[in-house]
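Chemist: There's a structure below that I have some questions on.
The values are calculated or read from the model by the stated rules, or taken from the named source; none is laboratory data. What you see is a predicted model; the values in this text were computed from it and never measured. All Cβ positions, even for glycine, are placed from backbone atoms using ideal geometry, and neighbour counts span all protein chains on display. Surface accessibility is based on the protein's heavy atoms, side chains included, excluding ligands, DNA and RNA. Shrake-Rupley method; radii C 1.70, N 1.55, O 1.52, S 1.80 Å.
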Amino acid sequence: MVFSEEAGSSSYSLPPYPREDTPLLGKAPALSSNLKTFANIFISIVGAGVLGLPYSFKRTGWLMGLLMLFSVAFLTYHCMMLLVLTRRKLQSLTPFTSIPSFGDLGFTICGPLGRFAVDLMIVLSQSGFCVSYLIFISSTLAFLTNNETTPVFLGFTPKVLFLWACFPFQLGLISVRTLTHLAPLSIFADMVDLLAKSIVMVQDVFVSVKNRPDLKMFGGLSVFFYGIGVAVYAFEGIGMVLPLETEAKDKEKFGRVLGLGMGSISLLFGLFGGLGYFAFGEETKGIITTNLGPGVITLVVQLGLCINLFFTFPIMMNPVNEVVERRFCGSRYCLWLRWFMVLVISLVALLVPNFADFLSLVGSSVCVVLSFVLPALFHLLVFKDELGWSCLVWDGAIVVFGFVIAVTGTFTSVMEILYPTS
């Protein structure tokens, strides 16, 4: 997932320090049209999470998977709008107060504790995304060698070797001080990603017509939390909503544009996940591209997705760099701290065997809190004296639901990773 123009920010720091909502292409126009806002929403949310949806549909069943996917999309949209309404309310009370980011909103409502909660979730979620990128890249390249498990050098498997081969290059990319220098790579990665996923969907159609595998509609309650976790991960983008609303030219129509964007993305995700499962049925793998047959087109698709995630890695690490450098280095550039974070993320990626299982873990644990619990809680605290009982109950229900999913879903996902089912 690449934030082409703006990305969610957890906090505010003065220029020239690069924030995670710093535009990649230098100075952005003061205001964005509805079309540009729609495009930014689309680019900010559509990412690597979609690649795990076919496998999730295999686990949950296609109908249950679609129902969960659309439900999560609606709830994510609702919580995004809660953030927007909460900021508008606070800024109406103090017109000269600027609340540009999620972290600033948390600080305004709950003080340092609110900012810390958002910062922590931002660091964990963004780091989780980067771990999943490394898992995908190393697993895909190992698959292309037709040897995913047999040690080939000093007792290391190809997957481990490919992961460490990426390490020095990621150290170099993460050393770049500002996102502006990464803009050409970001645009290139977006183009490659769009082309590769389009080819995957076209191939899925032809394979599904040919194979016609047996399909199931419902996978049972035992996989409910697994499916929720993957869906939440796929739609994670809550941090970008406030910067995008700030840049929107017609703020009165922002909610409508956001709803249209989320609806379009949910249809795309449902189509991608459904086509992948319809094509391969119970043979659907954790990374859908490994189901594709041999050939030049398949090779191009797999390498294209790897290239996209490889260059997206440093961009997704930017929010992590911003938070840790602000908290430990006074917002000063710190090379060794950046390199240390890349090392930790690489080590975690070595311990996770399955791409889709890790998506569910990150979605269930961190993304649920960031996307559901904190927005509903902040909205409840700000509007508690004005809302009717129905709204209070609705906000409270989202908070409770989020905590239940976080606890139960995290446990389920960890068990899937430690004791995988066939």
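Chemist: Quick one: check the C-alpha center-to-center distance for the stretch 349-375 versus the stretch 252-291, whole angstrom.
Modeler: The two parts, judged by their Cα centres, are 18 Å apart.
Chemist: Multiplying the sequence separation of L343 and R88 by 0.36 nm and subtracting their Cα-Cα distance, what value in nm do you get?
Modeler: On the way: separation 255, 0.36 × 255 = 91.80 nm, distance 4.00 nm.
Extra length from L343 to R88 when fully extended: 87.8 nm.
Chemist: Please report how far the C-alpha centroid of the stretch 380-398 lies from that of the stretch 104-134, rounded to the nearest whole angstrom.
Modeler: After rounding, the separation between the Cα centres reads 23 Å.
Chemist: Let me ask you something else. Kirkwood Rh, Cα Rg: Rg to Rh for the stretch 337-422? Walk me through the numbers before you get to the answer.
Modeler: Numbers: Rg = 17.2 Å, Rh = 14.9 Å.
Dividing the radius of gyration by the Kirkwood radius yields 1.16.
Chemist: Taking all protein chains as present, what is the carbon and sulfur share of the accessible area of the stretch 336-384, in % to the nearest whole number, probe 1.4 Å? The partial results should precede the final answer.
Modeler: Numbers: 1300 of 1570 Å².
The C+S portion of the solvent-accessible surface of the stretch 336-384 is 83 percent.
Chemist: I need the phi-derived Karplus couplings for the stretch 319-324: 6.51 cos²θ - 1.76 cosθ + 1.60, θ = phi - 60°, integer Hz, Gly and Pro marked x.
Modeler: x, 5, 4, 4, 6, 5
Chemist: Another question, if that's okay. Restricting attention to the chain, give the cysteines that have no other cysteine Cβ less than 4.7 angstrom from their Cβ.
Modeler: Isolated Cys, the chain: C79, C110, C130, C166, C306, C367, C391.
Chemist: Related question: Once Rh for the stretch 125-264 is found with the Kirkwood sum over Cα pairs, what is the Stokes-Einstein diffusion coefficient at 4 °C and 1.567 mPa s, in µm²/s?
Modeler: So the translational diffusion coefficient is about 66 µm²/s.
Chemist: A further question follows. Under the classification rounded if a/c is under 1.5, otherwise prolate if a/b is larger than b/c and oblate if not, where does the stretch 221-376 fall, given a ≥ b ≥ c as square roots of the Cα gyration tensor eigenvalues?
Modeler: Numbers: a/c = 1.67, a/b = 1.18, b/c = 1.41.
Verdict is oblate for the stretch 221-376.
Chemist: Which loop chymotrypsin sites (Phe, Trp or Tyr not before Pro) in the stretch 304-358, with loop taken from DSSP, have no more than 14 other Cβ atoms within 10 angstrom of their Cβ? Write out the running numbers ahead of the final one.
Modeler: Details: sites: F310, F311, F328, Y333, W336, W339, F340, F355, F358; in loops: Y333.
Passing sites in the stretch 304-358 are Y333.
Chemist: Averaging sequence separations of C-alpha pairs under 8 Å and six or more residues apart, then dividing by the length of the chain, give the relative contact order as a whole percent. Intermediate results must be reported in sequence, preceding the final value.
Modeler: Details: 665 pairs, mean separation 137.0, N = 422.
Worked out over the chain, it gives 32 percent.
Chemist: Just to confirm the filter: which trypsin sites (Lys or Arg not before Pro) across the stretch 283-362 are DSSP coil and have at most 10 other Cβ within 10 angstrom of their Cβ? All intermediate terms of the calculation are to be shown ahead of the outcome.
Modeler: Numbers: sites: K285, R326, R327, R332, R338; in loops: K285, R332.
Listed in order of number, the matching sites are R332.
Chemist: Rounded to the nearest 10 degrees, what's the angle between the helix 34-45 long axis and the longest principal axis of the chain, both from Cα atoms, 0 to 90?
Modeler: 50
Chemist: Right, here's the next one. Calculated from DSSP H runs of 4 or more alone, at -39500 (n - 2.57) each and per residue, what is the 222 nm mean residue ellipticity of the chain, nearest 500? It would help to have the intermediate numbers written out before the result.
Modeler: Working: 15 runs with 284 residues, N = 422.
Rounded to the nearest 500, it is -23000 deg cm²/dmol.
Chemist: Less than 18 Å apart at the alpha-carbon level, and either on another chain or at least 8 residues along: which lysines does that give for K285?
Modeler: Straight-line reach from K285, under 18 Å: K58, K159, K197, K216.
Chemist: Further, regarding this structure: Order of 316-325, 74-83 by packing, highest average Cβ count within 10 Å first? Display every interim value, and only then the final one.
Modeler: Working: 316-325: 23.1, 74-83: 21.1.
Per-residue mean Cβ counts within 10 Å order the peptides as 316-325, 74-83.
Chemist: May I ask you to order 34-47, 56-69, 362-375 by the average number of other C-beta atoms within 10 Å around their residues, highest value first?
Modeler: Highest to lowest by the protection proxy: 362-375, 56-69, 34-47.
Chemist: For A248, list long-range residues whose amide hydrogen, built 1.01 Å from N in the peptide plane, is under 5 Å from its own amide hydrogen.
Modeler: Result for A248 returns S32.
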